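A.B. asks: Pasting a structure below so you can have a look.
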Amino acid sequence: MTGGTLTIGVLDDIDGFAPVSGVALDTVPLGAMYNALWQFNYDGSVVGDLAKSWQFTPDGLGLTVNLVQNATWHDGTPFTVDDVLNNIAIYTQFQGGSVALSNIASTNAPDKYTLKITFKNPQPPAGFYAAAGGNFGMVVPKKYYDIAQFPDYTKAPMTTGAVTPVGTGAFKFTKWDKGVDIIFDKNPNYWKPGLPYLDRVIFQVFSDPAARTVAFQKGSIDAMFDVGDSTVISSLQPNYPHAFGCEAGACTIMMMNTRNPGFTGPPYPLANVQVRQAIAYAINKPELAKTFWLGLLPAEDAIIPNQPAVAQWHDPNVVTYPFNVATANQMLDSAGFKADSSGSRFTLHMVISKSGGRPNIGALIKQYLLAVGINLVIDVLDGASVSQALNVKRTYDLTIQDRDTYPDPATNISPWYNSANDVARNPSDVSGLHDPVLDAALNDALAQPDPVKYKADLYTVQETIAKDVPGIPLFGLTSDYWWQTGLHGFPNCSENFTGPYELIWREKK
């Protein structure tokens with residue numbers, strides 16, 4: 001049951017070893033070397049990781065977290081509360097969860113393994129879980145990433161490569177050949193007894209999704225995920241162990257940039273809400289969902305989808321934009337973007353990653369937009385370049401992104417639609433939308449302990465986003481995972497996919 005190597009094929013290389021950075025970072029490999037305070041299950045439960053136990057005060061103004069006391073960093077340094085305090089400072093400064101973390105009034109560490117937090121306003125527990133846990137709550141060592149000493153993450157020793165990156169996780173960093181592979185070896189001093197089972201995990205980078213599939217079918221790699229091609233999925237489904245779905249409360253969204261500084265021909269079409277609404281009418285979402293996911297997933301209309309983990313907050317009366325080319329054309333004419341003699345109105349640029357089947361989705365959307373006179377140019381880039389366009393240059397018109405709303409919709413939605421996050425450094429509000437009604441509802445929900453008022457705020461959020469259309473929900477987000485026969489321990493849902501490597505084992509041949 002123990003031993004062996006697991007090789008996972010990925011389509012995006014990492015761009016460094018800091019889980020929070022100004023640009024995109026594929027957290028899948030980093031889950032091998034880092035732990036978070038806690039992880040999430042698909043049913044909504046929270047599972048302790050570096051947090052052994054925790055308790056919120058009844059008034060929501062305080063939190064005590066008891067940390068595990070036997071964890072060490074890969075360089076032998078003990079893990080303590082100082083690392084967590086530093087992580088909170090990092091995640092507050094950068095955009096990964098800063099909305100909930102900015103509600104912290106003070107922190108106190110009575111001893112090396114106890115964290116006490118006082119909040120400015122009552123803090124809904126789910127919001128803090130979302131901000132300081134899961135994929136983007138991975139804890140980095142203060143020793144090499146001290147936010148006080150290196151406020152710019154690009155200057156930190158682990159980021160620059162001045163030191164070997166270390167975590168508390170089941171596998172230790174061994175080698176990174178950029179664009180080729182990232183290798184992690186078993187941590188013999190892992191603080192969870194008996195784990196991990198494997199000796200080595202390799203993340204092999206592929207520039208071509210088809211080449212990755214061929215490598216998997218030949219047995220050159222052991223596992224892959226996010227194939228995103230219905231034809232390939234159909235061929236793989238009868239022959240390999242796999243899991244579909246489980247992205248709790250998530251959907252795939254076509255985001256629209258309402259403030260593109262690089263657009264050369266004013267007026268900028270996407271600054272006009274009527275144009276954004278027309279584009280929503282032009283997208284045949286049922287056909288898109290059926291084509292892309294073989295009918296496994298329904299089309300979605302709300303930013304909080306009607307999925308089990310978040311159904312209690314889903315607004316069933318949110319405005320929708322059923323597929324209607326005639327309506328889309330009428331609205332574009334009315335907005336002042338009439339077609340020329342060739343039938344063309346204007347050209348938009350879509351920036352997408354090559355992973356997760358994005359090019360296939362983009363190709364269908366290009367057809368839909370062409371039918372209403374909108375020319376679409378698609379730029380397929382690596383993940384880091386996509387995020388540079390979205391979060392640094394801001395020069396994009398459309399992109400396709402996956403958005404989670406679980407476990408706390410307000411915390412997860414706010415970074416993407418709250419105008420407070422449309423800032424010069426590391427902006428997470430990539431749509432550039434500024435709506436005071438939306439901002440007010442989000443800000444109230446972020447600190448709202450009353451579940452009835454919280455739900456009302458989320459209804460306002462969903463209705464306002466549906467009206468403003470900074471993004472178009474396409475379909476519920478699922479992921480497809482494939483592995484070779486003889487491998488066991490893969491998760492049945494993707495919420496925990498970035499951290500289960502310690503549980504995967506291979507049958508002895």
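The values are calculated or read from the model by the stated rules, or taken from the named source; none is laboratory data. Owing to the predicted nature of the structure, the values given are computational and were not obtained by experimental measurement. For neighbour counting, all protein chains shown are included, and Cβ atoms are generated from backbone atoms with ideal geometry for every residue, glycine included. Just so you know, the surface numbers come from the protein's heavy atoms only, side chains and all, with ligands and any DNA or RNA stripped out. Shrake-Rupley method; radii C 1.70, N 1.55, O 1.52, S 1.80 Å.
A.B. asks: Restricting things to alpha carbons, tell me how big the chain is in terms of Rg and Dmax, in Å.
C.D. replies: Considering the chain through its Cα atoms, Rg and Dmax are 22.7, 74 Å.
A.B. asks: Output the relative contact order of the chain, whole-number percent, from Cα pairs under 8 angstrom with separation of 6+ residues.
C.D. replies: After rounding, I find 23 percent.
A.B. asks: May I ask you to list the trypsin sites (Lys or Arg not before Pro) in the range 249-358 that are in a DSSP loop and have at most 16 other Cβ atoms within 10 Å of their Cβ?
C.D. replies: ARG259, LYS338
A.B. asks: Still on this structure, please answer the following. Count the net charge of all other residues whose Cβ sits under 10 Å from the Cβ of ASP480, scoring Lys and Arg as +1 and Asp and Glu as -1.
C.D. replies: -2
A.B. asks: What net charge do the residues around PRO124 carry, taking every other residue with its C-beta under 13 Å from that of PRO124, with Lys and Arg at +1 and Asp and Glu at -1?
C.D. replies: That sum, taken over residues with Cβ under 13 Å, equals -3.
A.B. asks: Next up: Show log10 I(q)/I(0) for the range 307-446 at q = 0.10, 0.13, 0.15, 0.20 Å⁻¹, two decimals, from a solvent-free Debye sum over equal Cα scatterers.
C.D. replies: -0.45, -0.77, -1.02, -1.33
A.B. asks: What whole-number value in Å² describes the accessible area per residue of the chain for a 1.4 Å probe?
C.D. replies: 38
A.B. asks: Hey, what's the Kirkwood Rh for the range 427-487 if you take every pair of different alpha carbons, in angstrom?
C.D. replies: Value: 14.2 Å, from the Cα pair sum.
A.B. asks: Per residue and in cubic angstrom, what volume does the convex hull of the Cα atoms of the range 178-255 have?
C.D. replies: Enclosed volume per residue, from the Cα hull, is 189 Å³.
A.B. asks: Under a cut-off of 27 Å between alpha-carbon atoms, report the lysines in cross-link reach of LYS338, not counting same-chain residues fewer than 8 places apart.
C.D. replies: Within the straight-line limit of under 27 Å, LYS338 reaches these lysines: LYS285, LYS366, LYS467.
A.B. asks: Over the range 267-309, consider all pairs of different Cα atoms and compute the Kirkwood hydrodynamic radius from their mean reciprocal separation; express it in Å, one decimal.
C.D. replies: About 12.2 Å for the range 267-309.
A.B. asks: Give me the dipole magnitude in Debye, nearest 20, for the chain about the Cα centre, with unit charges on the beta carbon: positive for Lys and Arg, negative for Asp and Glu.
C.D. replies: Using Cβ point charges on Lys, Arg, Asp and Glu, the chain gives about 580 debye.
A.B. asks: Please report the antiparallel percentage of DSSP beta bridges with both residues in the chain, rounded to the nearest 5.
C.D. replies: 75
A.B. asks: Using the charge dipole of the chain (Lys, Arg: +1 at Cβ; Asp, Glu: -1 at Cβ; taken about the Cα centre), state which of ILE304, PHE150, SER353 has its Cα farthest towards the positive end.
C.D. replies: Toward the positive end, the furthest listed residue is PHE150.
A.B. asks: Right, here's the next one. Would you work out what percent of the accessible area of the range 318-414, with all protein chains in place, is carbon or sulfur (probe 1.4 Å)?
C.D. replies: It is 51 percent, rounded to a whole number.
A.B. asks: HIS434: net charge of surrounding residues, Cβ under 11 Å, Lys/Arg +1, Asp/Glu -1, itself excluded?
C.D. replies: That sum, taken over residues with Cβ under 11 Å, equals -4.
A.B. asks: A further question on this structure: Name the residue farthest towards the positive end of the dipole of the chain from the options TRP293, ASN329, ILE279, assuming +1 on Cβ of Lys and Arg, -1 on Cβ of Asp and Glu, about the Cα centre.
C.D. replies: It is TRP293.
A.B. asks: Counting only C-alpha contacts under 8 Å and six or more residues apart, can you give the relative contact order of the range 275-316 as a whole percent?
C.D. replies: 23
A.B. asks: Would you mind telling me the share, in percent, of accessible area of the range 61-157 contributed by carbon and sulfur at probe 1.4 angstrom?
C.D. replies: Carbon and sulfur: 53 percent of the exposed surface of the range 61-157.
A.B. asks: Also, quick follow-up: Mean separation of Cα pairs under 8 Å and 6+ residues apart, divided by the residue count of the range 104-172: what relative contact order is that in percent?
C.D. replies: In percent, rounded to a whole number, it is 17.
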